[in-house]
Amino acid sequence: MTMPVLKNILKDIIPLQIAGDTSAEVNGLYIDSRKVNAGSAFIAVKGTTSDGHDFIEKAIALGATVIVCEQIPADKKQGVTYVQVKDSAKAVGQLADAFYDQPSAQLKVVGITGTNGKTTTATLLYDLFEGLGHKSGLISTVQNFIHDKREESTHTTPDAIAIHALMAKMVDAGCEYVFMEVSSHAIHQHRIAGIRFVGGVFTNITHDHLDYHKTFDEYIRVKKSFFDELPSTAFALTNADDKRGTVMLQNTQAQKNGYSLKTPTQIKGKVLENNLTGLVMIVDNHEAHFRLIGTFNAYNLLAVYGSAVLLGADKMQVLAVMSDLHGAPGRFETYMSPNEKVLGIIDYAHTPDALINVLATINQLRVKGQQVITVVGCGGDRDKTKRPIMAQVACEHSDKAILTADNPRSEDPEAILDEMEAGLSFAQKRKALRITDRKEAIKTACILAQHEDIILVAGKGHETYQEIKGIKYHFDDKEILTGTFKLLHK
């Protein structure tokens, strides 16, 4: 690409002050001083653990010729242009949008936010529009796709520069649509700044990320701000059955729409059958069969259908393609053991509400005599208040619960398990086992499982690592589960 001139990439921001030449070309944008190279711009952002302003000198030493910051250093260097802005974090996305020639303006971008269902909804939308013959992009927790090319992802929403760079690749590949997860962290940290959305979808909101947002009201406010910023030309689609679904759309200028299984609204659904072969539903007065399982997926399917119709797709074509779609990796993925027909389920459920939804679905589908064994843990350096609740939910809705490590990160896994166990009553403790080693916990569940029992391994889903003391070790729940089935001749 032709390198843009600084004054052109500043056009969408209002600098408080500029010191230096704005006519020079900018070779790249960086928020990580370690990645800076000659002729690039370094944007000093105040993060949760470090402040980019402390690395301005390092960035200049590595060749940065433009510094975007909230406070211009007293000692200005020769040949460096300083741009002072009110909010560096917000400026990142606006600068990246201009640097990459406004890629989102050349795409139809739909953002999906909420506590649960973001990945499945975004993935299904991507698969649907690809199935309808439209080149599409996907930005999700699990993976990113540029049409048919897969790229691994590391965050629910990448940093603003990475997003705009990714969207520029999507434009180059001829994509028409992009479906992306929008996390509360990304909204709050302005990682979606500069993106022009044609639609926003709200799935649901439950107890999560209070380690970051501190209060549930603040978590709701941040999610709602995504819809507050949507333009009048966009659509806003909300889960009308969620008690905060209407709150999300209170102040949006976008066209308001809802989907539901219970509440009267624009896009109405009804579950006729829900079993291990899938769902049969009435969607918008049409009967449709889907491969996905569970009421929570019925909501995801309605969000997908509603979004597609609001984007102008033909209703019957949408339902025809949707009937053959599978869910996202690590979301209610099922594996049947060949001999004893033990059903193993891998799911990313890592919040109390998500775990309740998955276990409620399992309990609806199981037959008399089948026992449900749940393996679950809680991540370190995350919301501690949900730990005892997760243990309670696992014990309350399972015949046996094995409490184990998830991603302990910097914490002691034994201390995390202590906090989980603290929420259990005497009766619940009789159902629970504590096995810190996650591999041994999954193996024990397999040993305990008898003919046609159900094992749920919850919390990590698609992840292929376990993070301990800053190191990510290879760990795949699916590999351990299916490998143990084979080892035990299950």
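Restricting to region 306-341, what's the tally of residues that are buried (at least 20 other Cβ atoms within 10 Å of the Cβ), free of Cβ contacts under 8 Å to residues at least 60 places away in the same chain and part of a loop (DSSP other than H, G, I, E, B)?
Result for region 306-341: 1.
Give VAL171, VAL178 a once-over and let me know the one that is in contact with a Pro (Cβ under 8 Å, 6 or more places away or on another chain) and farther than 14 Å from THR115 by Cβ. Steps first, please.
Details: VAL178 fails: in contact with a Pro (Cβ under 8 Å, 6 or more places away or on another chain).
Among VAL171, VAL178, only VAL171 is in contact with a Pro (Cβ under 8 Å, 6 or more places away or on another chain) and farther than 14 Å from THR115 by Cβ.
For GLU463, all conditions in the list (1) surrounded by fewer than 16 Cβ atoms within 10 Å (Cβ to Cβ); (2) at pLDDT below 95; (3) not hydroxyl-bearing (Ser, Thr, Tyr) hold save one; what is the number of the exception?
Answer for GLU463: the failing condition is (1).
Inside region 357-384, can you point out the residues that are of a type in the set (S, T, N, Q) and either open to solvent by 10 Å² or more (accessible area, probe 1.4 Å) or at pLDDT below 95 (or both)?
First, pick out the residues of region 357-384 that are of a type in the set (S, T, N, Q): 357, 361, 363-364, 370-371, 374.
Correct list: ASN357, THR361, ASN363, GLN364, GLN370, GLN371.
Does region 100-110 include one or more residues that are under 24 Å from GLY20 (Cβ atoms) and assigned to a helix (DSSP H, G or I)?
No.
Pairs only if they're at least six apart or on different chains, beta carbon under 7 angstrom, first in region 93-109 and in contact (Cβ under 8 Å) with a residue 40 or more places away in the chain, second among the hydroxyl-bearing types (Ser, Thr, Tyr) and not in a helix (DSSP H, G or I); list them, first residue then second.
LEU107/TYR177; LYS108/TYR177
Please list, ordered by first then second residue, the pairs with beta carbon atoms under 9 Å, 6 or more apart or interchain, first in region 344-364 and more than 25 Å from LYS443 (Cβ to Cβ) and of a type in the set (Gly, Ala, Ser), second open to solvent by 10 Å² or more (accessible area, probe 1.4 Å) and not in a loop (DSSP other than H, G, I, E, B).
Listed pairs, sorted by first residue: ALA360/THR295; ALA360/PHE296.
Filter region 400-435 down to the residues that are in a helix (DSSP H, G or I) and polar (S, T, N, Q) and list them by number.
Pass one, region 400-435, residues in a helix (DSSP H, G or I): 413-421, 426-429.
GLN428, the sole residue that qualifies.
List pairs: first in region 216-237 and more than 11 Å from GLY200 (Cβ to Cβ) and of a type in the set (Gly, Ala, Ser), second assigned to a loop (DSSP other than H, G, I, E, B) and open to solvent by less than 50 Å² (accessible area, probe 1.4 Å), Cβ under 7 Å, 6+ apart or cross-chain?
Pairs found: SER232/ALA254.
Considering only residues of region 6-35 that are over 23 Å from LYS86 (Cβ atoms) and of a type outside the set (Ser, Thr, Tyr), which is least open to solvent (accessible area, probe 1.4 Å)?
First pass over region 6-35, keeping only residues over 23 Å from LYS86 (Cβ atoms): 23-25, 27-28, 34-35.
So of that shortlist, the ones also of a type outside the set (Ser, Thr, Tyr) come out as 24-25, 27-28, 34-35.
Details: ALA24: 50, GLU25: 103, ASN27: 73, GLY28: 5, ARG34: 175, LYS35: 129 Å².
Looking at residues that are over 23 Å from LYS86 (Cβ atoms) and of a type outside the set (Ser, Thr, Tyr), I get GLY28.
Here are ALA354, ALA391, ALA405: which of them is within 25 Å of the chain's Cα centre (by Cα), open to solvent by less than 50 Å² (accessible area, probe 1.4 Å) and at pLDDT below 95?
On the way: ALA391 fails: at pLDDT below 95; ALA405 fails: at pLDDT below 95.
Being within 25 Å of the chain's Cα centre (by Cα), open to solvent by less than 50 Å² (accessible area, probe 1.4 Å) and at pLDDT below 95 holds for just one of ALA354, ALA391, ALA405, which is ALA354.
Being farther than 18 Å from HIS462 by Cα and small (Gly, Ala, Ser) is the filter here; which residues of region 333-369 pass it?
SER337, ALA360, GLY369
Considering (1) touching a strand residue (DSSP E or B) at 6+ places or on another chain (Cβ under 9 Å); (2) in contact (Cβ under 8 Å) with a residue 40 or more places away in the chain, say which one PHE475 fails and leave the rest.
So the condition that PHE475 fails would be (2).
Find the strands (runs of 3 or more DSSP E) located wholly in region 1-85 whose residues include 2 or more that are more than 16 Å from ASP159 (Cβ to Cβ), and list them.
Working: elements: 17-19, 41-43, 66-69, 81-84.
Result: 17-19, 66-69, 81-84.
For region 111-138, give me the residue count where each residue is in contact with a helix residue (DSSP H, G or I) (Cβ under 9 Å, 6 or more places away or on another chain), closer than 22 Å to SER225 by Cβ and either assigned to a loop (DSSP other than H, G, I, E, B) or open to solvent by 10 Å² or more (accessible area, probe 1.4 Å) (or both).
Final tally of qualifying residues: 4.
The values are calculated or read from the model by the stated rules, or taken from the named source; none is laboratory data. Here the structure is a predicted model, which is why all the values come from computation and not from measurement. Positions of Cβ are backbone-derived with ideal geometry, glycine not excepted, and every protein chain shown enters the neighbour counts. Just the protein is used for accessible areas: all its heavy atoms, side chains included, with ligands, DNA and RNA removed. Shrake-Rupley method; radii C 1.70, N 1.55, O 1.52, S 1.80 Å.
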